Amino acid sequence: ARAHNRWLAEFCAVNPVRRAGVALVPITADVDRAIEEIEWAANQPGIRGIVIPTMWHGHPPYNDPHYDRVWAACQDTGMVVHVHSGEADFEAYNDHIGIYVSEVPFWTVRPMFHLLLSGKFEQFPGLKFVCTESGAYWAEDLLWKADVNFGGGHTMKKMAAKIRGTLSKLPSEYFGVNCFIGASTMSKQELRQRYAIGI
């Protein structure tokens, strides 16, 4: 990751106005080293963000306070956090690529929902998060359901009592400020959802 980031810094420095690099920062391995890399990358011309592993495997999930210093460093340096589609529960799929294709967006957007629903965007209001190459079709329904859950909709009254107090606004309100979708090759259906998701 560090070798890639050194190359990236050289590549972006040639034309930092046109090139926007995203540094690889495997935050699950070592939080202290991750913060050092974030702070280093933030000082390189043309590097605008970091990409973190989509899955944390045997490490703490991203809603754990273990990573709070990482989110603070990204907020303080203005480095946008990205996840990218690709990683998934391969062991469960065997040779069934259709299952992978159907489920991979879930694994990609899961880190964002862990931060969103655990209050990390309230704790770190300047933190920005991007889900890349996982489509956008999931956003409208999942955000609607998250709002229902946190707003105490009729089907979730018992759960809403346990959830209440985690967030001071609806999940969709944080999403509209802190979260973005890099939805490459969007479908017409996803384009029609832009008024619900946000442009």
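The values are calculated or read from the model by the stated rules, or taken from the named source; none is laboratory data. Quick caveat, the model's predicted, so the values are computed rather than measured. Positions of Cβ are backbone-derived with ideal geometry, glycine not excepted, and every protein chain shown enters the neighbour counts. Side chains included, ligands, DNA and RNA excluded: accessible areas come from the protein's heavy atoms. Shrake-Rupley method; radii C 1.70, N 1.55, O 1.52, S 1.80 Å.
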Could you calculate the contour length gain from F11 to E103, that is, 0.36 nm times the residue separation minus the distance between their Cα atoms, to one decimal place in nm?
29.7 nm
Pull up all non-local amide H partners of I47: gap of 5 or more, or a different chain, and H-to-H distance under 5 Å with H placed in the peptide plane.
G21
With only Lys, Arg, Asp and Glu charged, each at its Cβ (+1 for the first two, -1 for the last two), find how big the charge dipole of the chain is about the Cα centre; round to the nearest 20 debye.
660 debye
So, for the stretch 29-175, what is the accessible surface per residue at a probe of 1.4 Å, expressed in square angstrom?
51 Å²
For the stretch 56-199, radius of gyration divided by Kirkwood radius, i.e. Rg to Rh on alpha-carbons:
0.97
Note down the relative contact order for the chain as a percent, whole number, built from C-alpha pairs under 8 angstrom at least six residues apart.
17 percent
With labels modelled as points extended 7 Å from the Cα through the Cβ direction, what inter-label distance (nm, one decimal) is found for D30 paired with R2?
0.7 nm
Assuming a viscosity of 1.567 mPa s and a temperature of 4 °C, what translational diffusion coefficient in µm² per second does Stokes-Einstein assign to the stretch 75-149, Rh being the Kirkwood radius over Cα pairs?
94 µm²/s
What per residue convex hull volume, in Å³, do the alpha-carbon atoms of the stretch 39-122 yield?
110 Å³
With a 1.4 Å probe and all protein chains left in place, how much of the accessible area of the chain comes from carbon and sulfur atoms, in whole percent?
56 percent
